[in-house]
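The values are calculated or read from the model by the stated rules, or taken from the named source; none is laboratory data. All values reported here derive from a predicted model rather than from experimental measurement. Don't worry about glycine lacking a Cβ; one is built from the backbone with ideal geometry, like all the others, and counts go over all protein chains shown. These accessible areas exclude ligands, DNA and RNA; they are computed on the full protein's heavy atoms, side chains included. Shrake-Rupley method; radii C 1.70, N 1.55, O 1.52, S 1.80 Å.
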Amino acid sequence: MPETLEADLVLHYAPRTRSLVALWLLEELGVPYRLASFDLATGHHKSPEHLALNPMGKVPVVVDRGVPVSELGAIAIYLADRYPAAGLAPALDHPDRAAYLRWVFFSSAIIEPALAEKFGKWEPRPRQHAWGSFDQMLEVATRGVSSGTYLLGDRFCAADVTVAGGLRYAMLFGAIPKEGPIADYVGRVTAREAFARASAIEAREGERFPMKKP
Ligand SMILES: N[C@@H](CCC(=O)N[C@@H](CS)C(=O)NCC(=O)O)C(=O)O
């Protein structure tokens with residue numbers, strides 16, 4: 001396991017959050033990293049120290065040789081390009097690069113707000129809302145995951161981690177059926193060993209920082 005106490009790469013992480021997606025990315029990369037894990041209930045993410053890394057006061061944040069990167073989409077693009085040996089991103093001049101970038105942005109610009117629409121029971125306004133609507137997101141995502149093993153066909157990439165991360169979350173909370181093309185895709189992608197390693201770390205950290213009763 002590349003998790004280590006000494007590493008140039010640090011993941012500021014809290015269990016039961018979107019940090020799991022960044023952890024999964026790091027496990028896919030296979031490079032050494034250190035986990036700076038904390039309990040969100042402590043409010044550490046709102047401390048001046050953490051706000052200097054991410055002014056939004058949120059996790060995850062990856063710090064690479066002292067340089068902080070926040071926002072999952074940026075973290076995915078940054079890590080995949082910075083550590084190309086893992087093959088998680090098509091090269092800048094590869095024909096798949098455009099589709100790859102579109103899918104990474106689809107995770108944060110379309111899936112995330114579409115889920116807020118669904119969970120918040122907002123009135124869909126597909127023409128006004130930048131994400132279209134939850135139903136439109138679902139239709140496009142379903143087509144995207146149905147055309148091959150992965151979003152880019154046979155090639156697994158960092159966008160599969162961010163997209164599957166968002167769709168898995170949607171399934172866990174009942175926004176997307178647990179059967180069908182999206183469930184099949186999430187099943188295929190989360191069957192990867194890197195996801196199993198990340199889940200084991202997530203379980204360990206979850207036990208270290210159990211959820212407190214309200
Ligand atoms: N847009 C951010 C979302 C990060 C986010 O929402 N993190 C949540 C945990 S899942 C958080 O840190 N919440 C604590 C808070 O805002 O107080 C990303 O893509 O990284």
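Side notes on the structure shown:
- Each 5 Å bin from zero up to the one holding the largest Cα-Cα distance in region 1-135 carries the following percent of pairs: 2, 10, 17, 19, 18, 16, 11, 6, 2, 0.
- Residues whose amide H lies under 5 Å from that of Val61, counting only those 5 or more places away or on a different chain, are His12; hydrogens are built 1.01 Å from N in the peptide plane.
- Restricting attention to the chain, the count of lysine pairs at 8 or more positions apart or across chains with alpha carbons under 26 Å apart stands at 9.
- With all protein chains in place and ligands, DNA and RNA left out, the 1.4 Å accessible area ranks Arg125, Arg188, Arg143 as Arg143, Arg125, Arg188, largest first.
- Taking the Cα centre of region 20-67 as reference, the dipole from Cβ charges on Lys and Arg (+1) and Asp and Glu (-1) amounts to some 160 debye.
- Accessible surface of Glu207, taken over heavy atoms with a 1.4 Å probe and every protein chain present, rounds to 150 Å².
- Only Cα pairs under 8 Å and 6+ residues apart enter the sum, and on that basis the relative contact order of the chain stands at 21 percent.
- Sequence-distant residues sharing a close amide H with Arg155 (under 5 Å, placed H): Tyr150
- The residues of the chain expose, per residue, 51 Å² of accessible area to a 1.4 Å probe.
- Whole-percent carbon and sulfur share, accessible surface of the chain, 1.4 Å: 57
- Candidate residues His129, His50: accessible-area rank, largest first, probe 1.4 Å: His129, His50
- Between Thr142 and Ala36, the simple label model (points 7 Å from Cα in the Cβ direction) yields a spacing of 4.3 nm.
- DSSP beta bridges fully contained in the chain are about 65 percent antiparallel.
- Cα gyration tensor of region 131-185 - equivalent ellipsoid semi-axes, whole Å, descending: 17, 12, 11
- Taking Cα centre as origin and charging only the Cβ of basic (Lys, Arg, +1) and acidic (Asp, Glu, -1) residues, the dipole magnitude of the chain rounds to 560 debye.
- Solvent exposure ordering (accessible area, 1.4 Å, most first) of Lys46, Lys213: Lys213, Lys46
- For region 58-179, the share of alpha carbon pairs falling in successive 10 Å distance bins from zero is 13, 41, 33, 12, 1 percent.
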